[in-house]
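The values are calculated or read from the model by the stated rules, or taken from the named source; none is laboratory data. Bear in mind the structure is a predicted one, so any value in this text is a computation, not a measurement. Counting neighbours? That spans all protein chains shown, and the Cβs are built from the backbone with ideal geometry, glycine included. Note: accessible area is taken over every heavy atom of the protein model, side chains too, but ligands, DNA and RNA are not part of it. Shrake-Rupley method; radii C 1.70, N 1.55, O 1.52, S 1.80 Å.
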Amino acid sequence: MFTNITITDSKTGIVTQGTRSQYSNIGVSNATDEAVRLSGTGLSIENLTVSGFAESGSGTPAIDCSGTDCRLTGVSIAQSSNNASRVAAHISGERNVLSNISCHGSQPWQIVVNANAVGTVLDSVRGVTLSSLRDDGRRTLLNRQGTNGGDPRVSGEWNGHGEYANAMGATVWDTKPNPWTPYCADGAGNWIPMSK
């Protein structure tokens, strides 16, 4: 367990490949690359403040998570320059949860979910919208909203995963029609079209 740490003017603030390591009350400022790089299992970070990272604007994320079952909650991200990277997080692992994320500033922010990512949950995220989410993963939820390339009753990545969607209180949008059609799942995992 690591707590009450401030890291300033480093290449990367935290690099962890451990199992079930816990971090709390961490401040990272002026990292030239990522503020945090997580590649372990069951890692948790609570109350992370990032101010300034990847100032070259290279698209390097503040948080790079390739780990599994990692949890980050209470994250505040801000940049000191309008030309710096605006990628809040890059997710490529499985079953990772980022909650209570605040991205500050007037520039648009982005979260990138890689094709290898499965079951990513981005909850209570401020500063990133569904349209600015670059999602190539499977069953990603942003603020309890997900997308599906078709009617989830018959096809797509959410087909057969209604119980999980119901447990998460998720709305899943069929992106094939225009406008998109929203669905929710009942307690038995059945998909139900919602009124628009």
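Scan region 8-49 for residues that are in a loop (DSSP other than H, G, I, E, B), open to solvent by 40 Å² or more (accessible area, probe 1.4 Å) and among the β-branched types (Val, Ile, Thr) and report the count.
Number satisfying all stated conditions: 1.
Mind checking which pairs have a first residue in region 65-83 that is at positive phi and free of Cβ contacts under 8 Å to residues at least 40 places away in the same chain and a second that is surrounded by fewer than 18 Cβ atoms within 10 Å (Cβ to Cβ) and basic (Lys, Arg), Cβ under 8 Å, 6 or more apart or different chains?
Listed pairs, sorted by first residue: Asp69/Arg95.
Would you be able to say whether some residue in region 166-180 is surrounded by fewer than 20 Cβ atoms within 10 Å (Cβ to Cβ), in contact with a Cys (Cβ under 7 Å, 6 or more places away or on another chain), without any contact (Cβ under 8 Å) to a residue 40 or more places away in the chain and over 30 Å from Ala35 (Cβ atoms)?
yes
Looking at Gly146, Gly59, Gly52, which is the one that is under 18 Å from Thr12 (Cβ atoms) and in a strand (DSSP E or B)?
Sole residue among the options that is under 18 Å from Thr12 (Cβ atoms) and in a strand (DSSP E or B): Gly52.
Is it the case that Ala188 is in contact (Cβ under 8 Å) with a residue 24 or more places away in the chain, open to solvent by 10 Å² or more (accessible area, probe 1.4 Å) and either part of a loop (DSSP other than H, G, I, E, B) or out of contact with any strand residue (DSSP E or B) (no Cβ under 7 Å at 6 or more places or on another chain) (or both)?
When the stated conditions are applied, Ala188 passes them.
So which residues in region 39-51 are among the hydrophobic types (A, V, I, L, M, F, W, C) and closer than 17 Å to Ser76 by Cα, if there are any at all?
Ile45, Leu48, Val50
Got at least one residue in region 80-88 being assigned to a loop (DSSP other than H, G, I, E, B), open to solvent by less than 50 Å² (accessible area, probe 1.4 Å) and either under 27 Å from Thr41 (Cα atoms) or charged (D, E, K, R) (or both)?
Yes; the residues of region 80-88 include at least one that is assigned to a loop (DSSP other than H, G, I, E, B), open to solvent by less than 50 Å² (accessible area, probe 1.4 Å) and either under 27 Å from Thr41 (Cα atoms) or charged (D, E, K, R) (or both).
So how many residues does region 102-124 have that are assigned to a strand (DSSP E or B), open to solvent by less than 10 Å² (accessible area, probe 1.4 Å) and closer than 14 Å to Arg144 by Cβ?
Matching residues across region 102-124 total 1.
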